[in-house]
Amino acid sequence: MAVKQWNRQNCVAVEMEGHGREELHKAVDISRTVGWFASIYPIVLETSIDIEEMIINTKEMLRRIPHHGVGYGVAKHLGQYEWANVEADLCFNYLGHLDHELGANGRIAASNLSCGSSIPRENISKQSITMNGSITGGKLRFDVAYNRGRYSRQSMEQFCQRYIESIKTIVQYCISQEKVVKTASDYGIFDVSQDVLKELNDMFN
């Protein structure tokens, strides 16, 4: 929604980044490991005039991705099939609810002091925009990095404002609903359209 309002794109290619610590096989014990097994995989998001349709389509598409994208890189570079070469302009990484990770007892807290840059200046990201989000201090926060050779500060401020407005619009829409809308993946099925599911719900409710 934010990208469409910002530069009129109806579709946007996004590289999703995840921690990669998915339980793929019980024989693989990762309990004595630290850090990330970073997984990066592309998705394409499409906008719709209907907010509910957009939420459902995005939710169902993300849930159909096996193991949250773990194995995409291996399958692409070592597999026997040709994969589309998706050039994403945006990299998105949601780190989760960090307040839960730190614990409620308050003995461990995140520092407000800067640890300095974790990426050298010589390292140029292939994505024009990188977004890292988390919930800290009870608030949803995002750090946005961008290619200054491609976007001006004013342009990125406009994008960020559109992003905030889009989140508020979706939140307001969701809390205004009188009942929970179930989708196919909520029932563990992925080959039934939302229209068919609605018909089934109408028949038995």
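Looking only at residues in segment 59-92 that are at pLDDT 85 or above and either touching a His at 6+ places or on another chain (Cβ under 9 Å) or hydroxyl-bearing (Ser, Thr, Tyr) (or both), the one that is surrounded by the fewest Cβ atoms within 10 Å (Cβ to Cβ) is Leu62. Being in contact (Cβ under 8 Å) with a residue 40 or more places away in the chain, surrounded by 18 or more Cβ atoms within 10 Å (Cβ to Cβ) and over 25 Å from Met156 (Cβ atoms) is the filter here, so list the residues in segment 1-57 that pass it. Matches in segment 1-57: Gly20, Ile56.
Is it true that some residue in segment 159-172 is exposed (fewer than 13 other Cβ atoms within 10 Å of the Cβ), within 23 Å of the chain's Cα centre (by Cα) and over 21 Å from Phe92 (Cβ atoms)? So far as segment 159-172 goes, yes, one or more of its residues are exposed (fewer than 13 other Cβ atoms within 10 Å of the Cβ), within 23 Å of the chain's Cα centre (by Cα) and over 21 Å from Phe92 (Cβ atoms). When segment 142-173 is filtered for residues that are within 15 Å of Glu52 (Cβ to Cβ) and free of Cβ contacts under 8 Å to residues at least 24 places away in the same chain, the ones remaining, listed by number, are Val171, Gln172.
Among the residues of segment 140-161, those identified as in a helix (DSSP H, G or I) and of a type in the set (S, T, N, Q) are Gln154, Ser155, Gln158, Gln161.
The values are calculated or read from the model by the stated rules, or taken from the named source; none is laboratory data. The shown structure was predicted, so the numbers you read here are calculated from the model rather than taken from an experiment. Backbone-built Cβ (ideal geometry, glycine too); neighbour counts: all protein chains shown.
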